[in-house]
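Here's the structure we're looking at; comments come further down.
The values are calculated or read from the model by the stated rules, or taken from the named source; none is laboratory data. Because the structure is predicted, anything quoted here is derived from the model rather than measured. Cβ: placed from backbone, ideal geometry, glycine included. Neighbour counts: every protein chain shown.
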Amino acid sequence: MAAAVRLGAAVMFVRNLDRSVNFYTEVLGLAVTDRSPTAALLGEDDGPQLVLRAFGENATHPLGALGVQYLVWQTDSRDDLDRRTELLRQRSAYRDTHNTASGVTVEGRDPDDLVLMLGYRRPGEPTLRSLPARVYAW
């Protein structure tokens with residue numbers, strides 16, 4: 001049997017590094033573990049990491065319509081999801097909440113208007129059971 005594979009890190013190109021670092025450290029609670037004038041590494045020692053790379057205020061998404069569209073971040077409790085949802089509301093970054101039998105997913109937008117999904121799954125429930133309707137929204 002092959003070993004399980006999990007996401008180690010994601011790389012995002014952003015317009016303004018300071019603005020994006022502030023957003024992801026506050027909303028996701030990620031720590032800055034390394035930083036240069038144009039990039040930052042956020043994350044936990046044993047958890048997923050996020051690399052932010054600044055490309056300037058006029059940058060476009062280099063992949064166009066192809067590539068990763070968004071990541072779904074998971075919380076450990078419904079209370080934590082509600083707390084993070086409030087942080088999105090305070091930043092005017094909240095968009096919608098989706099309830100299912102297995103859990104709740106909150107949609108927000110980061111400072112560059114990129115989709116941010118936060119989810120809570122009830123104990124014993126898989127992250128996804130079927131294709132999310134959001135995948136057809138583009």
For this session: For Ala101, work out the one condition from (1) part of a loop (DSSP other than H, G, I, E, B); (2) closer than 15 Å to Met12 by Cα; (3) in contact with an Asp or Glu (Cβ under 9 Å, 6 or more places away or on another chain) it doesn't fulfil.
Result: (2)
Exercise. Within the stretch 76-101, can you find the residues that are small (Gly, Ala, Ser) and farther than 18 Å from Leu114 by Cα?
Worked result: Ser77, Ala101
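Out of everything in the stretch 105-121 that is acidic (Asp, Glu) and touching a residue at least 60 places away in the same chain (Cβ under 8 Å), what residue ends up being nearest to Phe55 (Cα to Cα)?
From the stretch 105-121, those acidic (Asp, Glu) are 107, 110, 112-113; that's our starting set.
From the residues that got through so far, the ones that are touching a residue at least 60 places away in the same chain (Cβ under 8 Å) too are 110, 112.
Working: Asp110: 15, Asp112: 11 Å.
Once the filter is applied, the top-ranked residue is Asp112.
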Seminar exercise, completed: For the stretch 118-136 the number of residues that are closer than 18 Å to Leu88 by Cβ and either at pLDDT below 90 or small (Gly, Ala, Ser) (or both) is 2
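Of all residues in the stretch 94-103, which are at pLDDT 90 or above and of a type in the set (Val, Ile, Thr)?
Answer for the stretch 94-103, where residues must be at pLDDT 90 or above and of a type in the set (Val, Ile, Thr): just Thr97.
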Problem set entry | Among residues of the stretch 42-75, those that are more than 22 Å from Glu107 (Cβ to Cβ), at pLDDT 80 or above and of a type in the set (A, V, I, L, M), counted | 2
Exercise. Can you find a residue in the stretch 110-117 that is part of a loop (DSSP other than H, G, I, E, B), modelled with pLDDT of 95 or more and closer than 22 Å to Val14 by Cβ?
Worked result: no
Exercise. Does at least one position in the stretch 61-75 carry a residue that is assigned to a helix (DSSP H, G or I), surrounded by fewer than 18 Cβ atoms within 10 Å (Cβ to Cβ) and out of contact with any strand residue (DSSP E or B) (no Cβ under 8 Å at 6 or more places or on another chain)?
Worked result: no
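Quick one: in the stretch 27-39, which of the residues that are in a strand (DSSP E or B) and not small (Gly, Ala, Ser) is nearest to Ala93 (Cα to Cα)? Steps first, please.
Going through the stretch 27-39, the residues in a strand (DSSP E or B) turn out to be 31-35, 39.
Next, from what is left, pick out any that are not small (Gly, Ala, Ser): 32-35.
Values: Val32: 21, Thr33: 25, Asp34: 26, Arg35: 25 Å.
Across the stretch 27-39, the extreme among qualifying residues is Val32.
Here is a list: Leu7, Leu42. Which entry is without any contact (Cβ under 8 Å) to a residue 24 or more places away in the chain and either buried (at least 17 other Cβ atoms within 10 Å of the Cβ) or in a loop (DSSP other than H, G, I, E, B) (or both)? Reasoning before the result, please.
Values: Leu7 fails: without any contact (Cβ under 8 Å) to a residue 24 or more places away in the chain.
From the options Leu7, Leu42, the qualifying one is Leu42.
Tell me, yes or no, whether the stretch 77-85 has at least one residue that is in contact with an Asp or Glu (Cβ under 7 Å, 6 or more places away or on another chain) and touching a residue at least 40 places away in the same chain (Cβ under 8 Å).
Within the stretch 77-85, the subset in contact with an Asp or Glu (Cβ under 7 Å, 6 or more places away or on another chain) is none.
Within the stretch 77-85 (the criterion being in contact with an Asp or Glu (Cβ under 7 Å, 6 or more places away or on another chain) and touching a residue at least 40 places away in the same chain (Cβ under 8 Å)), the answer is no, since none of the residues qualifies.
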